[in-house]
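Structure record follows, encoded as C-alpha cells.
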Amino acid sequence: MIPRIVVVGSLHVDLMLRVGRLPEPGETVLGEELRMGMGGKGANQAVAAARLGARVWMVGKVGRDEYGRRMVENLRKEGVDTSHVGKDERPSGMALILVDGRGENLIGVYPGADLGCGRREVERAREVLREADLLLTQLEIPLTAVERALELAAGEGKKSLLNLAPFRPLPNRMWRRVDLVVANWGEASRAVGEGRVEEMAEKLLRRGPEGVVITLGEGGAYLRTERGGKRIPGVKVRVRDTTGAGDAFCGALAVALASGRPLEEAVLWANCAGALATTRMGAQEALPTGEEVNRLFRRVKNLR
C-alpha cells in the first residue's frame, strides 16, 4: 500500500552561500559558491516523502511571482500534489543560508507568502486530509494553520507528526492534539530548558503528545513514549552540508509510520535518510531516494 501524507507548511526559495567559516557578529566573510534552490521546511518534507514513495499533498502559499511559479513547478516535477498550494499578494518566502566547510550553517528566513496560510487554507484541504494516512506539519507558518490541521487530523482519526522547527511556544491544547513530536537538541531545550536528553524528552512527553523524538545529529536520535525511552543510533557519513537533514528525517519518519513500520525501526530508517541528505549540498536537491535509504538501512541493521 502506498503511504498517503498531507504536508501543511512553508515553501521558500533558498539562497545558499558557501563560506570557509561562519562569520562572527559584525564580521564579513567572502563566499566561495552561491546557489539558488527550492526550500522551506514544508516543501522540503513533502519532497522528501515523495522521493521515498509516498503520495503527498502540499498545503501552503506562494507569492504571485516567478519564485512562486518555480516552486510549484518543482513540487509537481517531484510528484507532489499542489492543488492546495494557493497564491498570496506577499512575495514568496525566502531563506538566506551560510554553510561552512564543516557543513554547519546559519539560516535566516523571510516568511512572505507563508504568512497567508491560515485556517481557511487548511479547511479547504479537509477532503485530502480525510483521504491521507498521516499529517506532517511544522512551525514555519502561522500557528492558526498548524492548530487547525492538528484539529482536523484528530477529528478524522489520522496520525499527526509535528516538527518543532523553528521553535515557537505552543498553547497546551496543541500539544495534546499531536501524536508524535520531532525536535532537534536546540528546539527541545528552548521548549523545556536544557538538560540531559532523557529529561528533555520526558518533559516534552508530559506536555501531551503520544511520543517524542529528539534528533542528535551524528549521535542519532532519542525516542520517548509512555513505554520508556531508547537511543536510536546515528549513521556515520562524510558530511558536506547539514541543510535539510532534519527535513529529510521528518519526511522519512512520516513515510515509515504511514507504511506501518514499528516506531523504533521508523526512527532508524529516518536516521539513514537524514544522514544521506548531509552528503550533498542543498536542501531539496540533496534529499535521498527510497532505494538509497533502504540500501543504507540494510547496512546499518547488519552492523547492529
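Return the pair list, or none, for Cβ contacts closer than 7 Å from residues in region 275-304 that are basic (Lys, Arg) to residues that are open to solvent by 10 Å² or more (accessible area, probe 1.4 Å), at least 6 apart or on different chains.
Matching pairs, first to second residue: Arg280/Arg240.
Where residues in region 285-294 are open to solvent by 10 Å² or more (accessible area, probe 1.4 Å) and either modelled with pLDDT under 95 or among the charged types (D, E, K, R) (or both), which of them is farthest from Gly101 (Cα to Cα)?
Applying the first criterion (open to solvent by 10 Å² or more (accessible area, probe 1.4 Å)) to region 285-294 yields 285, 289-292, 294.
Then keep just the ones that are either modelled with pLDDT under 95 or among the charged types (D, E, K, R) (or both); that gives 285, 291-292.
Values: Glu285: 19, Glu291: 28, Glu292: 25 Å.
Out of the qualifying residues, it is Glu291.
Can you name every one of the strands (runs of 3 or more DSSP E) wholly within region 79-137 that holds 1 or more residues which are surrounded by fewer than 23 Cβ atoms within 10 Å (Cβ to Cβ)? Even if it seems obvious, please write down each step before you answer.
Working: elements: 80-88, 93-99, 105-110, 134-137.
It comes to 80-88, 93-99, 105-110.
Can you name the residue in region 138-154 that is aliphatic (A, V, I, L, M) and assigned to a helix (DSSP H, G or I) and is also most open to solvent (accessible area, probe 1.4 Å) among such residues?
Our first condition is that a residue be aliphatic (A, V, I, L, M); within region 138-154, this holds for 139, 141, 143, 145-146, 149-150, 152-154.
Cutting the leftovers down to assigned to a helix (DSSP H, G or I) gives us 143, 145-146, 149-150, 152-154.
Numbers: Leu143: 44, Ala145: 0, Val146: 0, Ala149: 0, Leu150: 1, Leu152: 6, Ala153: 0, Ala154: 61 Å².
Ranking the qualifying residues of region 138-154, first place goes to Ala154.
Residues to consider are Gly108, Gly40, Gly101, Gly118; find the one that is within 21 Å of Phe167 (Cβ to Cβ) and out of contact with any Leu (no Cβ under 6 Å at 6 or more places or on another chain). Working first, answer last.
Details: Gly108 fails: out of contact with any Leu (no Cβ under 6 Å at 6 or more places or on another chain); Gly40 fails: out of contact with any Leu (no Cβ under 6 Å at 6 or more places or on another chain); Gly101 fails: within 21 Å of Phe167 (Cβ to Cβ).
Selected residue: Gly118, the only one of Gly108, Gly40, Gly101, Gly118 that is within 21 Å of Phe167 (Cβ to Cβ) and out of contact with any Leu (no Cβ under 6 Å at 6 or more places or on another chain).
Every residue in region 55-69 that is in contact with a Ser or Thr (Cβ under 8 Å, 6 or more places away or on another chain) and either in a strand (DSSP E or B) or touching a residue at least 40 places away in the same chain (Cβ under 8 Å) (or both), please.
Those that are in contact with a Ser or Thr (Cβ under 8 Å, 6 or more places away or on another chain) and either in a strand (DSSP E or B) or touching a residue at least 40 places away in the same chain (Cβ under 8 Å) (or both): Trp57, Met58, Gly60, Val62, Gly63, Tyr67, Gly68.
Would you check if there is a residue in region 71-93 being over 8 Å from Ala113 (Cβ atoms), of a type in the set (S, T, N, Q) and over 18 Å from the mean Cα position of the chain (by Cα)?
Checked against the condition, which is being over 8 Å from Ala113 (Cβ atoms), of a type in the set (S, T, N, Q) and over 18 Å from the mean Cα position of the chain (by Cα), region 71-93 yields at least one hit.
Within region 186-215, can you find the residues that are among the hydroxyl-bearing types (Ser, Thr, Tyr) and touching a residue at least 12 places away in the same chain (Cβ under 8 Å)? Reasoning before the result, please.
Here is the first cut: in region 186-215, the residues among the hydroxyl-bearing types (Ser, Thr, Tyr) are 189, 215.
Scanning region 186-215 gives a single hit, Thr215.
So which residues in region 253-299 are part of a loop (DSSP other than H, G, I, E, B) and touching a strand residue (DSSP E or B) at 6+ places or on another chain (Cβ under 8 Å), if there are any at all?
Restricting attention to region 253-299, the residues satisfying the condition of being part of a loop (DSSP other than H, G, I, E, B) are 259-262, 278-283, 287-289.
The answer is Met281, Gly282, Ala283.
Would you pick out the residues in region 167-187 that are open to solvent by less than 80 Å² (accessible area, probe 1.4 Å), within 15 Å of the chain's Cα centre (by Cα) and aromatic (Phe, Trp, Tyr)?
The one that is open to solvent by less than 80 Å² (accessible area, probe 1.4 Å), within 15 Å of the chain's Cα centre (by Cα) and aromatic (Phe, Trp, Tyr): Phe167.
Scan region 232-251 residue by residue and report those that are within 25 Å of Glu33 (Cβ to Cβ), open to solvent by 20 Å² or more (accessible area, probe 1.4 Å) and in contact with a strand residue (DSSP E or B) (Cβ under 8 Å, 6 or more places away or on another chain).
Those that are within 25 Å of Glu33 (Cβ to Cβ), open to solvent by 20 Å² or more (accessible area, probe 1.4 Å) and in contact with a strand residue (DSSP E or B) (Cβ under 8 Å, 6 or more places away or on another chain): Thr242, Gly246.
Confirm whether Val19 is over 26 Å from Thr144 (Cβ atoms) and open to solvent by less than 10 Å² (accessible area, probe 1.4 Å).
Yes.
Is it the case that region 270-282 has a residue that's within 18 Å of the chain's Cα centre (by Cα), charged (D, E, K, R) and open to solvent by 30 Å² or more (accessible area, probe 1.4 Å)? Spell out how you get there, then give the answer.
So in region 270-282, the residues within 18 Å of the chain's Cα centre (by Cα) come out as 270-282.
Right, trim to charged (D, E, K, R) and you get 280.
Subsequent filtering for residues that are open to solvent by 30 Å² or more (accessible area, probe 1.4 Å) retains 280.
Within region 270-282, one or more residues are within 18 Å of the chain's Cα centre (by Cα), charged (D, E, K, R) and open to solvent by 30 Å² or more (accessible area, probe 1.4 Å).
From the list Ala254, Ala221, Ala258, which one is in contact (Cβ under 8 Å) with a residue 40 or more places away in the chain, of a type in the set (Gly, Ala, Ser), buried (at least 18 other Cβ atoms within 10 Å of the Cβ) and touching a Gly at 6+ places or on another chain (Cβ under 8 Å)?
Values: Ala254 fails: touching a Gly at 6+ places or on another chain (Cβ under 8 Å); Ala258 fails: touching a Gly at 6+ places or on another chain (Cβ under 8 Å).
Selected residue: Ala221, the only one of Ala254, Ala221, Ala258 that is in contact (Cβ under 8 Å) with a residue 40 or more places away in the chain, of a type in the set (Gly, Ala, Ser), buried (at least 18 other Cβ atoms within 10 Å of the Cβ) and touching a Gly at 6+ places or on another chain (Cβ under 8 Å).
The values are calculated or read from the model by the stated rules, or taken from the named source; none is laboratory data. These numbers come from a predicted model, not from an experiment. All Cβ positions, glycine included, derive from the backbone under ideal geometry; neighbour counts span all protein chains shown. Keep in mind that these areas ignore ligands, DNA and RNA; they rest on the heavy atoms of the full protein, side chains included. Shrake-Rupley method; radii C 1.70, N 1.55, O 1.52, S 1.80 Å.
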